[in-house]
Every structure is written in C-alpha cells, then in structure tokens.
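The values are calculated or read from the model by the stated rules, or taken from the named source; none is laboratory data. Bear in mind that the values here come from a model prediction, so they are computed numbers and not experimental data. Cβ atoms come from the backbone with ideal geometry, glycine included; neighbour counts cover every protein chain shown.
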Amino acid sequence: MTEALPEIDYTKWQAPGEGDVRSPCPMINALANHSILPHNGKGITKEMAVKALGAAIHLDSNIASIFAAGGVAANPDHSAHTFDLNHVNKHNWIEHDCSLSRDDFAFGDNWHFNKEVFDSVMAHYGTAEKTDFAHASKARYLRIQASKEAHKRAGKEFTYGIKECIMSYGETALYLNLLGKDGVAPLKWVRIFFGSPEEERLPFAEGWRKPAQPINQTLMNKTIFSLVSANEHKAEEATEVGVGTIQALKTVVESFIKVPSICTVM
Ligand code: HEM
C-alpha cells in the first residue's frame, strides 16, 4: 500500500507538544516539526520516511532507505514495520558518543539539543559566517576529543570505533550538503537546523531551498573525502579507530552507505 505524502509547506512549523516524541537527529525532528513527517513523531513507515526525505530535501532513495530501515530496526517491537522518533535514541545503534549537538549517553540525556555542547562545537568556527571543509572537519574532530576527555575524567565508558567514525563524518557531510554546496553553508542556517535557538527546522524563511542536486552516495563520498583530507589529525584518528593508515581511514569512511558488514545503518 502506498502512503500519500502531505503537501510540503516549509513555512509550516510547530514545536513538539505534549505526547509528541523526538530524536537525537535534527533532520527527522525538523521534518516532524514541519509536519512533513507525522507531527507526533510516531508510526513512521520506511516508505513514509523515504518519500519525505526525497521530497523535502532531495535525499537519494538508496541512502534514505538505509536510514529509514535503521529507524524501523530500532523499534523495540521487532515485528513492527514502523518506528517512533524516540526509538532511535537507542545507544550505540545509530545514536553514538561525540554528537555535535547532543550530550553523550553516559551523562544522561543523549537526545535533546544541548546548547553547551553545540556552542562548544560552533566555537571552532570562530567569527566566520559560513562553513568550510577545514573548520567543519576541525569542529568534528575536536568534539570527539572533548567527549573522550569528558568520559575519561568521569571514569565512564567511551565508544568511538570505525562505525562511529563513519557516522560522525557522514553526519557532518549531511549537514554541509543539506544546507550548502562544496562545504560552504551559512552558519546561521546550521544553527537553525540543529536547534539553536530552540528550533529544529529547515531555514526556508532565511533563504534555504531544497538542494537542486540529489544528496547521493557520489556527493557524500566527495564531501567525506574533503573532510578527511582537511583533518590535520587524520593519522591519529586512523590509529584511534584501529584502521592503521590514513588511506584505510579514507576507504572505510567513504564506505558510509556501501559496506553493510561495517555499518548496517547510517
Ligand atoms: C530516517 C532517517 C534518519 C534517521 C533514522 C536518523 C537518525 C539519526 C540518529 C539516531 C542520530 C544521532 C547520532 C548521534 O548520536 O550523533 C542522527 C544524527 C544526525 N542526523 Fe540523522 N537520521 C536520519 C536521516 C538524516 C538525514 C537525511 C540527515 C541530513 C540530511 C540527517 C542529519 C543528521 C545529523 C547532522 C546528525 C548529527 C547530530 C549531532 O551530531 O548532534 N539525518 N540521525
């Protein structure tokens, strides 16, 4: 059975109300806030998510299918064909340590927007008004180091291996491709998208428009390659995640979607 997608009106936005559920993902939260996905965040089928992501942000259906399947598989009811947004809060499934805008699982709340964490990440952009690969890459890497240190100080278990590394690069590549082109996106839009202040939405009123080119594997690989290349600490990171060489790190991270044996979800 095919399910119709509600007509997209990017100007429609409403904060989640009582009983509505949300996730650690700014994108699927924004789609629910815009009522492109159900506003209550519940009962989302794979087909609904793929259609919504294709129509709203021009995400290639192969990538969207993998994300959406990861969402459905996070439902604690394994016989279900839908997921609620809060199901994906499940730690070390898609959700992982070192998020750019959320605190880590060991510190309590791993899914609400966290201003302190996000501001610390944005601080790496200094006075810039737009992103670029060098700063985006640095902000990502330094967030990992800060998270690692915080876990060490608190004596908590920290998880950052190949899977988390792939997802972390992938998420930075996603926001850059969603909000800009060739790594350049207005930081104002980045803030609005992630939820600062208090909103997770597509910055339509500020001039954002759905990307003209699809966000597909080719674009993601190109972006991730640029992010890895711009990372001054790529050799340390390669060692840290246990792949040994920079080339191995690049190969693994560029596998973002393609290598189910390494990463079956994002
Ligand atoms: C059904 C589709 C999707 C699901 C189930 C999903 C799920 C998730 C989850 C669980 C996280 C948390 C990872 C973490 O701990 O940092 C996450 C993060 C993220 N997602 Fe999604 N996602 C989906 C689609 C997308 C799309 C299409 C985009 C962008 C175009 C996107 C952008 C992001 C970004 C930028 C983050 C990082 C947030 C942060 O680090 O604070 N997601 N996603």
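Quick one: how many residues across the stretch 83-97 are touching a strand residue (DSSP E or B) at 6+ places or on another chain (Cβ under 8 Å), more than 6 Å from the ligand (Cβ to nearest atom) and not polar (S, T, N, Q)?
Selection size over the stretch 83-97: 3.
Conditions (1) at pLDDT below 95; (2) within 12 Å of the ligand (Cβ to nearest atom); (3) buried (at least 21 other Cβ atoms within 10 Å of the Cβ), marked per residue:
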position: LEU5; (1), (2), (3): yes, no, no
position: GLY17; (1), (2), (3): no, no, no
position: ARG22; (1), (2), (3): no, yes, yes
position: LEU31; (1), (2), (3): no, yes, yes
position: THR45; (1), (2), (3): no, yes, no
position: LEU53; (1), (2), (3): no, yes, yes
position: HIS58; (1), (2), (3): no, yes, no
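Consider only pairs whose beta carbons are under 7 Å apart and that are at least six residues apart or on different chains; among these, list those whose first residue lies in the stretch 125-146 and is free of Cβ contacts under 8 Å to residues at least 12 places away in the same chain and more than 19 Å from LYS222 (Cβ to Cβ) and whose second residue is assigned to a loop (DSSP other than H, G, I, E, B) and among the small types (Gly, Ala, Ser).
none
For the stretch 181-193, enumerate the residues that are surrounded by fewer than 20 Cβ atoms within 10 Å (Cβ to Cβ) and within 15 Å of the chain's Cα centre (by Cα).
Of everything in the stretch 181-193, just one residue is surrounded by fewer than 20 Cβ atoms within 10 Å (Cβ to Cβ) and within 15 Å of the chain's Cα centre (by Cα), namely ARG191.
Which residues, taken from the stretch 70-82, are touching a strand residue (DSSP E or B) at 6+ places or on another chain (Cβ under 8 Å) and among the charged types (D, E, K, R)?
none
Looking at PHE118, is it near the ligand (Cβ under 10 Å from one of its atoms) and assigned to a helix (DSSP H, G or I)?
So PHE118 fits the description; yes.
Condition check: more than 13 Å from the ligand (Cβ to nearest atom), loosely packed, with under 15 Cβ neighbours inside 10 Å, at pLDDT 95 or above and more than 27 Å from ALA55 (Cα to Cα). Does GLY155 satisfy that?
When the stated conditions are applied, GLY155 passes them.
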